[in-house]
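Nothing in this text is a laboratory measurement; each read-out follows from the coordinates by a stated rule. Since this is a predicted model, take the numbers as computed values, not measurements. Cβ atoms come from the backbone with ideal geometry, glycine included; neighbour counts cover every protein chain shown.
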Amino acid sequence: MGHKRILGKTKDFITGREITDTDDERYRQKLARLLVEEMGYEKGDIEPRRRIEMTIENKTVLSMVDFVVRVEGRNFMVIKYGPGSIVTRERPSLASARLLGGYQVPFTVVTNGEDAEVLDTDSGEVIGTGLESIPDKKTALGQLDGVTFRQLSPERIEAEKRVLSAYDWLEHSLECDDDWCAPE
């Protein structure tokens, strides 16, 4: 899975599950607390570690989204974390938001835990920068009527799968010792 510093175990803020404590996981937990404690989301509004399974060229591949945030029961925002440059994470994050469950999630957030970009999933345009630009729950509720939960054509879905797999390819059959791949 790549090199990372293991710092022991910690408790996931959203699920309460015991998980491996790493530098990256500390940023994820900080983001989870930000969403709940400062932005007004309930823990039940947030789905951490969302898997996206897809079949490409007869292989089942797996990708991950750090958080899916729901508003009024609808997937409203996808948040994808990664260390370093957030610009390089825009395209695979948009593909993730376009592939989640039957419709395009309206907003995509890419973050390194210190900075963030909020993107309009439909156009791919950056509509906000900085962690403070992530819509809080009150703002999200106000935006809900003005967004479209668009379904993509089968051709567009296949194209987005290829984009996502090019950036984020994890073969489903691989042994996985990472909390992000472990079954719930």
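At a 10 angstrom cut-off on C-beta neighbours, averaged per residue, how do the peptides 89-97, 154-162 rank from highest to lowest?
Packing order, densest peptide first, comes out as 89-97, 154-162.
Label separation (Glu132 vs Arg17): 3.4 nm, computed from points 7 Å beyond Cα along the C-beta direction. Lysine pair count for the chain with Cα-Cα distance under 23 Å and sequence separation of 8 or more or different chains is 19. Taken about its Cα centre, segment 45-171 carries a charge dipole of roughly 340 debye when the Cβ of each Lys and Arg holds +1 and the Cβ of each Asp and Glu holds -1.
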